[in-house]
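Each remark here refers to the structure printed beneath this line.
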Amino acid sequence: MTPLLLCLALLWPQQLEEAALRAAVARDGRDADARYRLGLVLFKQRRLDESARVLEEAARIEPAQVLIWRALALVRVARQDGLGEARALQKIIEIDPSDAAAYRRLATLLLDHRTADAAFAVAQAGAQRFPADAEMLRLRGLAQYGLGRKPEAVDSFLSAMDAAPESELVLASIETLIPEAGPERLPAIQGRLRRFTQVKPASPLGYFLLALSGDEREANLGKALAADAAFWPGHFELGRMRQDRGDRDGALAAFNTTLQLHPEHEGAHFALSLLYAQAGDREQARVHREAHHTLRARAAEAEQQRSAAAPRLQVTVR
């Protein structure tokens, strides 16, 4: 069979299916199933606008059919229609409250669009229905953090750690809150981190976070880098520790290692610009100062682009 004939043979069943479904839709203005299946065919062909229109017709005919709303959510993702996807996910949760994935996806979408209040409402409802779901608890913590409710965020992350004691993703979520945990919650955080190092001793993350928490800082940084010599956050923190001690040469070595592993680390460039200036090496100080400025400008531009691409969603969560 020639390539052209092979291509026609592959396309022919799709064309027949589409034609049959269009005929069914034309015959019966209330045939939601035909519209649902036609919408899926069009989605597979990446005819997204037409697929969305047909699926929306199906949803108007049978608004309680969860499969239609799940298909609509997929199409709206492909069309980068955040608000449309959020509304489809809300409908899925309304029809099928047992769909944990819909809660997680909706909370994540709202966080991506910096709609932390609505994300918290969704994650809180999900956590009440699925109290052992670590990702739901983590998303609730992220939403609380976005709302400035930091002590509550710590509590959510601690609950997530208990639900998934081996999860690096859950563990990493608490990093930015460690300095603000305070004496009331810091021991609980350290306890979970020690448990993680026992469960996953080959991971550098637990030792690294323990070091950030002030628990045997030098020893735990050593354990983190022994577990993974290419773990650049450990080298950066080692540089900060040496800089605090006045060990300029040691700090220079650690920050340069950080950049070898992660060349676009803003903090390492900034620290090196200061250290080289102190050492009298104006050229290296200039190089790292300019690199830091360039990375900062690039990061600001990227954040503006993210904000434009993912504006706050005007949704009401009941």
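The values are calculated or read from the model by the stated rules, or taken from the named source; none is laboratory data. Computed from a prediction, not measured in an experiment: that's the story for all the values here. No Cβ is skipped: glycine too gets one built from the backbone with ideal geometry, and neighbour counts run over all protein chains shown.
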Some residue of the stretch 119-135 being more than 26 Å from L313 (Cα to Cα) and either in contact with a strand residue (DSSP E or B) (Cβ under 6 Å, 6 or more places away or on another chain) or of a type outside the set (A, V, I, L, M) (or both): yes
Only one of A64, A73 that is within 20 Å of the chain's Cα centre (by Cα) and of a type outside the set (F, W, Y): A73
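Picking from A229, A219, which residue would you name as being among the aliphatic types (A, V, I, L, M), outside any helix (DSSP H, G or I) and either under 29 Å from the mean Cα position of the chain (by Cα) or surrounded by fewer than 16 Cβ atoms within 10 Å (Cβ to Cβ) (or both)?
Going through A229, A219 in turn, the sole match is A229.
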Answer from A310, A268 - the residue that is in contact (Cβ under 8 Å) with a residue 40 or more places away in the chain, of a type in the set (G, A, S) and not assigned by TED's automatic domain parsing to the domain that holds L110: A310
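Would you check which residues across the stretch 133-153 are closer than 21 Å to V199 by Cα and buried (at least 24 other Cβ atoms within 10 Å of the Cβ) and list them?
Going through the stretch 133-153, the residues closer than 21 Å to V199 by Cα turn out to be 133-135, 137-138.
Those that are closer than 21 Å to V199 by Cα and buried (at least 24 other Cβ atoms within 10 Å of the Cβ): L137, R138.
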Criterion (charged (D, E, K, R), in a helix (DSSP H, G or I), surrounded by fewer than 22 Cβ atoms within 10 Å (Cβ to Cβ) and assigned by TED's automatic domain parsing to the domain that holds M136) met by exactly one of R104, R70: R104
Contacts under 6 angstrom Cβ, first residue in the stretch 155-175 being closer than 17 Å to L186 by Cβ, partner outside any helix (DSSP H, G or I), 6 or more apart: F157/S173; F157/I174
Flag for V122 being in contact (Cβ under 8 Å) with a residue 60 or more places away in the chain, closer than 30 Å to G182 by Cβ and among the aliphatic types (A, V, I, L, M): yes
Failed item in (1) under 14 Å from R195 (Cβ atoms); (2) not assigned by TED's automatic domain parsing to the domain that holds Y103, with L158 passing the rest: (2)
Single condition S273 does not satisfy, out of (1) touching a helix residue (DSSP H, G or I) at 6+ places or on another chain (Cβ under 6 Å); (2) hydroxyl-bearing (S, T, Y); (3) assigned by TED's automatic domain parsing to the domain that holds E180: (3)
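For residues that are among the aromatic types (F, W, Y) and within 22 Å of the chain's Cα centre (by Cα), scanning just the stretch 190-212, find the one that is farthest from F231 (Cα to Cα). Even if it seems obvious, please write down each step before you answer.
In the first step, residues of the stretch 190-212 are kept if they are among the aromatic types (F, W, Y); the result is 196, 207-208.
From what is left, the residues that are within 22 Å of the chain's Cα centre (by Cα) are 196, 208.
Working: F196: 17, F208: 9 Å.
The selected residue is F196.
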